[in-house]
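> Quick one: structure below, then a few questions.
None of the figures in this text is laboratory data; all of them are computed from the coordinates on show. It should be emphasised that the depicted structure is a prediction, and the values quoted were computed from it without experimental measurement. As a convention, Cβ positions derive from the backbone with ideal geometry for all residues, glycine included, and neighbour counts pool all protein chains shown.
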Amino acid sequence: MPSDEYKVIIRADKTPVGEHVRRFNEPLVNEVAIVIVGNEFDKRDIVLEKKNSQLQVVSETHRSYDALQYPLIFWEGEDGYNFSIMKTNPATGEAVDGKKVSAMNFYAYRIMVRTGAANHILRCRQLFHQFLVDMYAKIESERLLFVRLNQKKLRVDEYIHLKDAIVNDGNAANIGQLVILPSTFTGSPRHMHEYTQDAMTYVRNYGRPDLFVTFTCNPKWEEVREELMSNQTPSDRHDVLARVFKQKLIKLIDIVTKTHVFGPTRCWMYSIEWQKRGLPHAHILIWLKDKIKPDQIDSVISAELPDPEQDPQLFEIICKNMIHGPCGSINRNSPCMKDGKCTKRYPRQLLRDTETGDDGYPLYRRRKLEDGGITTKRKMKINNSIQEIDIDNKWIVTYCPLLSRLFKAHINVEYCNSVKSIKYICKYVNKGSDQAVFGLEKDRKAIDEIKHYQLGRYISSNKAV
């Protein structure tokens, strides 16, 4: 008997009206991910068929769920998470005030590396990734269940949005008993809205931010490679990438705010994102006590290749991490291309001196070869083939030489000089988690005939860990 086979298709071209388009982009790498529809979970169960053809439903919080779902990982039938696990004092072995272990604490414990103990879960590669996103969904389900059952304790009736609903809809009978996510729920719309309001409060009190920094994880960091097991690649160990990136981010914030490399810092804020690219990155806004003047931009930010003879180490770092594309006529299949143009506005204009304008960002100095600029040739993969490309300053992403030299990663630094761009930047930094509009497809030729799509949160395995 033939069975129906369906595929889940993500449609980046169906971004809902009013939503940030960057939250709905297509995945750029092959990765294991889960799409969660809505903010209210029903119970996720698995169904067992016994030898007598009877069906039995097993809850995801049953102690046997993990072993039944992942027999290759738990081949001995070890117990998984359940609500009856009590917190204990490691020294005495006694229960701690009747407190129970949460799903997050349980699975964070399971994926840790311990001296003298082999953790076989970390060796399962993509099955490990599937385990991560599955358990993340279980953790979110537990959290959302708590929110649903404790609406009175959270005092949701006091939320102004509920009062606004009566004014906007004009019919209180349609509201019913609403279950809302409070701002304390990490990643919820109210949580991100609260952070955006905080950023605008900084702007109102201290003016525009001086620097907009984007810090991306580098899987080739030595700290990452040292923790890999035999025959593993960085993409197999998202747990290591997450931990190393977090430590590097803390170090970066400390360098900016405590050692005052740009001068005394007044305030700052950041958010970490995973945009379907397989690696985390952070957006950072920095307010300085002494504003950076236009004639000081070149001493802080560069958009040029460094001299390979004077600073060969920085030259190699910039060539590996800070070259955009190439795109445009050289590579029309680049992910940044839309309607035949680069969405990042590359290649940029070559200029002898930095120019400031009112469009949000200045035009940085990008000198030609005859004006003292540097050019190089790099072998890059374009259209599934390796080609040697001439690279000059019009392809360089703006960076801070000091930070690039210290962290050996993609660190994009922009100078903010226009009030017009402040609201966009503050909302962009806090735009929220990735989303996906998807539908079920039976035949790829019939993709245009899909009429019903659903909106859900896109959780990749690196975000789950």
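> Compute the FRET efficiency between LEU72 and ASP339 as 1/(1 + (r/R0)^6), taking r as their Cβ-Cβ distance and R0 = 60 Å, and round to the nearest 0.05.
The computed FRET efficiency comes out at 0.85.
> Pop out the ³J(HN,Hα) list for region 77-82 in order, Karplus 6.51 cos²θ - 1.76 cosθ + 1.60 with θ = phi - 60°, rounded to Hz; leave Gly and Pro as x.
x, 5, 5, x, 6, 8
> Taking 7 Å along the Cα-to-C-beta vector as the label spot, tell me the GLN313-LEU127 distance in nanometres, rounded to one decimal.
4.3 nm
> Same structure, new question: Looking at region 189-429 only, what percent of DSSP beta bridges run antiparallel? Nearest 5 please.
95 percent
> Work out the charge dipole of region 189-429 with +1 on the Cβ of Lys and Arg and -1 on the Cβ of Asp and Glu about the Cα centre, then indicate which of LEU403, ILE382, MET322 is farthest towards its positive end.
So the residue we want is ILE382.
> Let me ask something additional. For SER230 and ASN384, what is the calculated FRET efficiency with R₀ set at 45 Å and r taken between the beta-carbons, to the nearest 0.05?
So the FRET efficiency works out to roughly 0.90.
> Taking the Cβ of each residue in MET269, MET86 as the centre, tally the other Cβ atoms inside 10 Å and list the residues starting with the fewest.
Listing MET269, MET86 from fewest to most nearby Cβ atoms yields MET86, MET269.
> If neighbour count is taken as other Cβ atoms inside 10 Å, put ILE85, ILE425 in order from fewest to most.
Result, fewest neighbours first: ILE85, ILE425.
> Too long at a 27 Å Cα-Cα cut-off: which of LYS138/LYS246; LYS220/LYS381; LYS99/LYS153; LYS293/LYS394; LYS220/LYS377; LYS220/LYS341?
Among LYS138/LYS246; LYS220/LYS381; LYS99/LYS153; LYS293/LYS394; LYS220/LYS377; LYS220/LYS341, the Cα-Cα distance tops 27 Å for LYS220/LYS341.
> Relative to the Cα centre, what is the charge dipole magnitude of region 264-419, using +1 at the beta carbon of each Lys and Arg, -1 at the beta carbon of each Asp and Glu, and rounding to the nearest 20 debye?
640 debye
> Say the dipole of region 246-375 comes from +1 at the beta carbon of Lys and Arg and -1 at that of Asp and Glu; which of ILE272, HIS283, THR259 then lies farthest toward its positive end?
ILE272
> Would you please name the GluC sites (Glu not before Pro) within region 297-352 that are DSSP coil residues with at most 10 other C-beta atoms within 10 Å of their C-beta? Display every interim value, and only then the final one.
Working: sites: GLU304, GLU309, GLU316; in loops: GLU304, GLU309.
Of the GluC sites (Glu not before Pro), the ones in loops of region 297-352 whose Cβ has at most 10 other Cβ atoms within 10 Å are GLU309.
> Sorted from fewest to most neighbouring beta carbons within 10 Å, what does the list THR115, THR214 look like? All intermediate terms of the calculation are to be shown ahead of the outcome.
Details: THR115 4, THR214 18.
Result, fewest neighbours first: THR115, THR214.
> On to the next question. I'd like the Karplus ³J(HN,Hα) series for region 180-197: coefficients 6.51, -1.76, 1.60, θ = phi - 60°, whole numbers in Hz, and an x wherever there's a Gly or Pro.
Karplus values, whole Hz, x for Gly and Pro: 10, 8, x, 5, 6, 7, 4, x, 6, x, 5, 4, 5, 5, 5, 5, 5, 5.
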